[in-house]
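Inspection log for the structure reproduced underneath, given as structure tokens.
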Amino acid sequence: MKRKVNKSVLFIMVILIVFSMSGCFDSIEADEMAFVVSLGIDKGSSGNLILTFLVAVPISIGVGGEIGEVEKSTTIITVEAPTINGAVSIVNTLLSKRISFSHAKLVLISKELAQEGVEKYINALIRFREFRPTMFIAISRDKAEEFLKAVKPVLEINPAKFFEMFMVSYKHTGYSPRSELETFYLKMECTCNQPVAALLDINDVSDSSEFERILSEAEIDEDSTIEGDYKAGEIPIISDTKSSNMGLAVFRGDKMVGEMDGREALSYLMVTGDLGLVYYSLPDPEEGRKYMPGDFTGTEIEKNYISLRLGMARKPSIKVKIKDDRPIISGSVFLEGDILSVDSDQDYSVGEELTKLENYASEHIRKNIYEFLVKTRDEFKSDICATGKPVKKTFLYWDDWVAFKWMDKYEKAEFNVDVKVLIRRSGIMTKNIPMSLLKGKDK
Amino acid sequence: MQMKQKIKIGNFEALCLLINMFCSKLILDFPRYVSEDGGTASWLLVLLISIVVFVVFTFLARIYKKFSDKDILDVAKLAFGEPGKIIAGLLFMLQFLYLVTIVVREFAEDIKVISLTTTPISIIISLFCIGMLTGAFLGIETLCRINALAVPVLSAAFIFILLLSIPRFDSSKIAPWLGPGPAVLIKKAIPNISAYSELTTLLFIIPYLNDKGNYVSIGKYAILASGFFFTVGTLTYTLVYQYPMSTEFFLPLYQLARSIAIGRFLSRIEAIFILVWASSAFLYLSSGLYFVTYMFKKSFGLQTRKPLLIPFTILIFSIAMIPENLYSALRLEMGYYRNYAWIITIIVPLFLVTAASVRAKIERRNKSDEAKSQ
């Protein structure tokens, strides 16, 4: 009898736990929530913030196998409030659903606000469990609100997936940094590193006649190609998708101190080892001459390019020596790649020509990286490539390291950059037989 | 008495019970608070604590050998008679009561922060109390067997989380290598020995072990395994989150699990963490409540333990509701328990065993003197 009573008590207890664990208090259905895909933060009036919520409209994204309407897949809500959570409360007063950030992909902070410091916003985002640590963070060169209004994904109906893929495009373009919320916070709090964020803007070019103006405004190196020499919003491109992600925002502590273009972002990825597989064009080492038929027969100088696909062969190595209280930073970058295209008649696939191309590409990239590092030192005074890490490893005690003040030392750094490029393959062709060899230059 | 003889605990079961008792704090706040004490060298601090505990336990086990068929309260009785047993029993019981109360509140607060955000804290604590009551009701034999089933699975899940964190490891985050310096590490190691305060439970289950002599190897293996989990867990955490940022997160391993994102599909794996965490919590609290009631029963020579379960559960629930907020609960643990618990875990058993040995020696001498005089 006693055993029976015991078993009944146990059974009741287990049932009680099972039912209570279903979480009656916290139960909320997915269709009772409004999922924010992206949050824009702009400076408001009298110390307030202007917060823009790009909210997914699941019913328009599509149900089951049915495809929804791209145009209606998101809705925009903009509100002025002193805090992010305060803005959420205000938005909740006009929605039938509760705002949720558990699927938010991007936090976009305006440049104006970033220049004043982002620590308090980052702290708010890190503390609130709904914001994922892997959420992306970016800086909008113009207003974040305008950017989010202009975003019109064309090839992707799911706005969350659009932002996710948009922000990881650095892996195959190399023109923006890896820019996740927690990584940003880790770097912001680090004593040997400074944070960077992706640079976004609206690219509102409607006609190709504007290209010339854009190119004349861009800072283009004469020896270099022009691809990647832009910042977001300044790219000569016409598209239904207005959003552009190119360049990086440089921070010192929590304050944005400058911008870098796509090519500099590429150098950043090479030095930090975050580079994926990217297309990289460089001028042909040989000066090209083009035969001009017709009334002006003869040849004239022609700009030829070589396109490579580059990736990291090994993780980059950074070594630092301190000499007379001045750091001498030696960076070694080892890249490998394939030849994708060669404009000229030159065959760079084998032998001496291949070595010549490898050496030329190495020097070309070395120069870019060196200029990039000098810019971080002189213009921004910000160690965004974490060159302080090897120095930190030479210390035994925390107090000694803090007293060393690495960030001050970085301003006096000297750089030695070594780049090695190895061409592993030459596409699906072993060589290219120029037409001129078969038919003559004027045929 | 008949019931007592029926209880049999295998070596592996006892080992798993101890590992879960030690390591459950790893999923609470252990990596954070050692990070506060040890800075970038927190993993060295943990290694140091584990070595110290291993050495102390080896010494304790050696002098305990002559009492290997008795639990620590029997030893206290040998040393100081019935009053000694009652005082020692109450001391150990109060330690466990305090610990279980804090832990139930911490677990409840944690689940409120990460999962049941709108559920009142009283409801969450009640849920834990029901679970712990059920476990403690079933008894130590059942708890040990469930531990033997659960601990390998929980360990695998724990290691899985740590392995997935490897891509984010950065050795510069644990530099400067000696953090605040060896002197500070040694000084901070002493209160942190309290991380192993549940070692006392081994001294209570000795009479129930299949082979009573095995308590030495069970204790050693439990310290070694837990030392490994503590060190690897702390090392992983600090290799991902550098000091002083490592002192900021409320639940270090949860944060570690939350940040894992490998590709588009392997993310949000904190769901595994919550399962590991809740299972470990229920087993820990059930075992804790069992030992509280067992110590009380044994101290006062009561016949049965089960009638004590509901009153003690109510007591634990009531005390757990006293702290005003999460930080008050944390202060109870970090400010008081951690600083003094090692005295009850290490010093008191050493004192009792030494006293019992001395008394046994004196008695033997007296007996031999009497025999000689006769």
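The values are calculated or read from the model by the stated rules, or taken from the named source; none is laboratory data. All values derive from a computational prediction rather than experimental measurement. Neighbour counts run over all protein chains shown; Cβ positions are idealised from the backbone, glycine included. All accessible areas refer to the heavy atoms of the entire protein, side chains included, with ligands and DNA or RNA removed. Shrake-Rupley method; radii C 1.70, N 1.55, O 1.52, S 1.80 Å.
Summary table
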item: Of the chymotrypsin sites (Phe, Trp or Tyr not before Pro) in the range A:41-149, those whose Cβ has at most 16 other Cβ within 10 Å and which sit in DSSP loop; result: A:PHE128
item: Over chain A, equivalent-ellipsoid semi-axes from the Cα gyration tensor in Å; result: 47, 30, 24
item: Neighbourhood net charge (10 Å Cβ-Cβ; Lys/Arg +1, Asp/Glu -1) for B:SER267; result: +3
item: Cβ-Cβ FRET estimate between A:ASP418 and A:ASP345, R0 fixed at 22 Å, reported to 0.05; result: 0.10
item: Chain B, relative contact order [Cα under 8 Å, separation at least 6], %; result: 39
item: Separation in nanometres of the label points that stand 7 Å from Cα toward Cβ, at B:ARG264 and A:LYS321; result: 4.8
item: Loop trypsin sites (Lys or Arg not before Pro), the range B:1-65, which have at most 14 other Cβ atoms in a 10 Å radius of their Cβ (DSSP); result: B:LYS8
item: Top of A:LEU340, A:LEU308, A:LEU95 by mean-square fluctuation, Gaussian network on chain A, Cα under 10 Å; result: A:LEU95
item: 10 Å Cβ neighbours from other chains, averaged over peptide A:185-191; result: 4
item: Cut-off 19 Å (backbone N to label point 7 Å along Cα→Cβ of A:ASP26), residues of the range A:129-144; result: A:129-133
item: Computed Rg/Rh of chain B, alpha carbon atoms with Kirkwood Rh; result: 0.99
item: Rounded tilt (10° steps) of B:72-114 against the dominant C-alpha axis of chain B; result: 20
item: Per-residue [θ]222 nm for chain B (sum of -39500 (n - 2.57) over DSSP H runs n ≥ 4, rounded to 500); result: -24000 deg cm²/dmol
item: The range A:31-260 shape via C-alpha gyration tensor axes, a/c threshold 1.5; result: oblate
item: Estimated buried accessible area (total), pair B and A, 1.4 Å, Å² to nearest 100; result: 3700
item: Alpha-carbon centroid distance for the pair the range B:179-256 / the range A:100-161, whole angstrom; result: 40
item: Threshold 20 Å² - residues in the range B:164-199 whose accessible area is reduced by that much or more when the chain is no longer isolated, probe 1.4 Å; result: B:ASP170, B:SER171, B:SER172, B:ALA175, B:PRO176, B:TRP177, B:LEU178, B:GLY179
item: Loop sites in the range B:265-374: chymotrypsin sites (Phe, Trp or Tyr not before Pro), DSSP, at most 16 other Cβ within 10 Å; result: B:PHE265
item: Links that overshoot a 23 Å alpha carbon limit, given the list A:LYS43/A:LYS97; B:LYS173/B:LYS220; A:LYS323/A:LYS409; result: A:LYS43/A:LYS97; B:LYS173/B:LYS220
item: Full-stretch length increase - A:SER208, A:ASN359 - with 0.36 nm per residue and alpha-carbon distance subtracted; result: 50.7 nm
item: Most to least packed among A:38-45, B:230-237, A:378-385, A:324-331 [average Cβ atoms within 10 Å]; result: B:230-237, A:38-45, A:378-385, A:324-331
item: Chain A, relative contact order [Cα under 8 Å, separation at least 6], %; result: 12
item: Net charge of neighbours whose Cβ lies under 9 Å from the Cβ of B:GLY301, counting Lys and Arg as +1 and Asp and Glu as -1; result: +2
item: Using a Förster distance of 41 Å, the FRET efficiency for B:ARG62-B:GLU324 (Cβ separation, nearest 0.05); result: 0.35
item: Cα→Cβ-extended label distance, 7 Å offset, between B:THR304 and A:ARG98, nm; result: 4.5
item: Virtual paramagnetic centre 7 Å along Cα→Cβ of B:ASN11, amide N under 17 Å, in the range B:194-211; result: B:206-211
item: Local electrostatic count at A:LEU200 - Lys and Arg +1, Asp and Glu -1, tallied over other residues with Cβ under 15 Å; result: -3
item: Those aspartates and glutamates that a straight Cα-Cα span of less than 17 Å connects to B:LYS306, excepting residues fewer than 8 apart in one chain; result: B:GLU141
item: Listed pairs A:LYS187/B:LYS112; A:LYS111/A:LYS393; B:LYS65/B:LYS298; A:LYS120/B:LYS188; A:LYS356/A:LYS420; A:LYS143/A:LYS242 exceeding 23 Å between Cα atoms; result: A:LYS187/B:LYS112; A:LYS111/A:LYS393; A:LYS120/B:LYS188
item: Sum of -39500 (n - 2.57) over DSSP H runs of 4+, divided by residues of chain A (222 nm, nearest 500); result: -9000 deg cm²/dmol
item: Percent accessible area from carbon and sulfur atoms, the protein assembly as shown, protein chains only, probe 1.4 Å; result: 59
item: Solution diffusion estimate, µm²/s, Stokes-Einstein, the protein assembly as shown, Kirkwood Rh from C-alpha pairs, 20 °C, viscosity 1.002 mPa s; result: 69
item: Charge dipole (debye, nearest 20) of the protein assembly as shown; +1 at Cβ of Lys and Arg, -1 at Cβ of Asp and Glu; result: 6200
item: Spherically averaged projected area of the range A:273-429 from its Cα convex hull (nm²); result: 12.8
item: Rel. contact order, % - alpha carbon contacts under 8 angstrom, at least six apart, the range A:96-143; result: 60
item: Theoretical FRET efficiency, 1/(1+(r/R0)^6), r = Cβ-Cβ of A:THR75 and A:ASN6, R0 51 Å, to 0.05; result: 0.35
item: Simple spin-label estimate for A:LYS381 and A:SER436 in nanometres, 7 Å along Cα-Cβ; result: 5.3
item: Cβ crowding within 10 Å averaged over residues, with A:370-376, A:104-110 ranked highest first; result: A:104-110, A:370-376
item: Contour excess over end-to-end distance, with Cα ends at B:ILE166 and B:GLN374 and 0.36 nm allotted per residue; result: 67.4 nm
item: Charge dipole of the range B:9-373 about the Cα centre (unit charges at C-beta), most positive-ward option of B:LEU326, B:ALA88, B:SER357; result: B:SER357
